[in-house]
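Remarks on the structure that follows.
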Amino acid sequence: MEKGLARTDFTGLKLFSRGKVRDTYEADGGLIMVATDRISAFDVIMPNPIPGKGKILTRMSAFWFKEMEGIIENHLMTTDVRQFPEACQPFADVLEGRSMLVKKASPLPVECIVRGYLSGSGWKDYCETGAVSGIRLPDGLKESAKLPEAIFTPSTKAQDGAHDLPVTRIEMENLIGRSLTEKIIKVSLQIYRKASAMADERGIIIADTKMEFGLAPGDRLILIDEVLTPDSSRFWPKADYGEGRSQKSFDKQFLRDYLLSIKWNQKPPAPELPLHIIEKTKEKYEEALNRLVK
Ligand SMILES: Nc1ncnc2c1ncn2[C@@H]1O[C@H](COP(=O)(O)OP(=O)(O)OP(=O)(O)O)[C@@H](O)[C@H]1O
Ligand SMILES: [Mg+2]
């Protein structure tokens, strides 16, 4: 198996941020977002990269940004490295296929989550309170149930390794104002509905997804970051779907299940991953790409 890209260090380029998965650099007023092959689970980066994962994520995000252009403007300028600023050219080989030149925006301090199904922290919240992020749901829903309609459940953007915390709509309004909140809710739900309908035809359920928005010059609201990738969404194979249990998935749930099975305490350092888990995870990402992006 090819070796994965765990990290980049482009001397001469200024680092803008190093996230769990992406290394982002400043470039001529824009940003170069590089998706490495790092993978995280339970908010902890695994010691082994998944070869090719960054390229898959980049293709998926680029595909969805384009699909959503009719709904909202996004930050993507190009994935063609030859069109990147001159200072990036020495790194063209590494950048190829896994990077985007994007417009720099002021990110809004909320993670915009849309849920169409009851899973993960949403399911946990529902079990404890009968609601998800304060949105009351019908009684008696089972794990993984399809919600009567998709719901918007924002959270704060946690700093430095902390977990994101859910916020109510009122709290979101206090953070960014009422009209932006309304617009973001509308756009997020539209994006989710369009993507779910497309994925459904390809045998995939998008259980939930997380988006980010920013303000571009002139206070234009634009879609930023990544969109509808397995890292920001739960993708389930429709063929195996059933209520009352957790779902098999195309994405990270597979790795999560493995980590649960070995009873890792979910605190760093993460355990070294066996080769078959790396390979299987790689296959899952490839399968998601082939099924979704055609
Ligand atoms: N067009 C943009 N302009 C400015 N900032 C952006 C843009 N797109 C994304 N960002 C910001 O860049 C950062 C990208 O970070 P990244 O997602 O790699 O790591 P992180 O959010 O710190 O952690 P995690 O890996 O958990 O997501 C985020 O803070 C995001 O809000
Ligand atoms: Mg992020």
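For this structure, a couple of remarks:
- Once both labels are positioned 7 Å from their Cα atoms along Cα-to-Cβ, the gap between K66 and R82 label points is 1.7 nm.
- One decimal place: the segment R256-D200 gains 17.8 nm when fully extended, by the rule 0.36 nm per residue minus the C-alpha distance.
- For a straight C-alpha distance cut-off of 19 angstrom, the aspartates and glutamates reachable from K20 (same-chain residues fewer than eight places away being disregarded) are D9, D37, D43, E111, D160, D164, E212, D225, E226, D231, D251, E272.
- Over 20 Å (Cα to Cα) - which of K55/K284; K146/K238; K186/K294; K103/K282; K248/K282; K104/K284 fall in this group: K186/K294; K103/K282; K104/K284
- Taking label points 7 Å from Cα along the Cα-to-Cβ direction, I176 and R245 give a separation of 3.8 nm.
- Here the label points at Q266 and E287, each 7 Å from Cα along the C-beta direction, are separated by 2.5 nm in the simple model.
- Applying 0.36 nm per residue to the separation of V94 and M1 and subtracting their alpha-carbon distance, the gain on full extension is 31.7 nm.
- Within the stretch 138-160, backbone nitrogen closer than 16 Å to the virtual label 7 Å beyond the Cα of E128 toward Cβ: 154-156
- The residue among F250, P107, V187 whose Cα reaches farthest toward the positive pole of the charge dipole of the chain, with charges on the beta-carbon of Lys, Arg, Asp and Glu, is F250.
- Overall form of the stretch 15-104 per C-alpha gyration tensor (a/c, 1.5; a/b vs b/c): oblate
Any read-out appearing in this document is the output of simple, stated calculations on the displayed coordinates, not a laboratory observation. No experiment lies behind these values; they were computed from the predicted model shown. With ideal geometry, Cβ positions are generated from the backbone for all residues, glycine too; neighbour counts draw on all protein chains shown.
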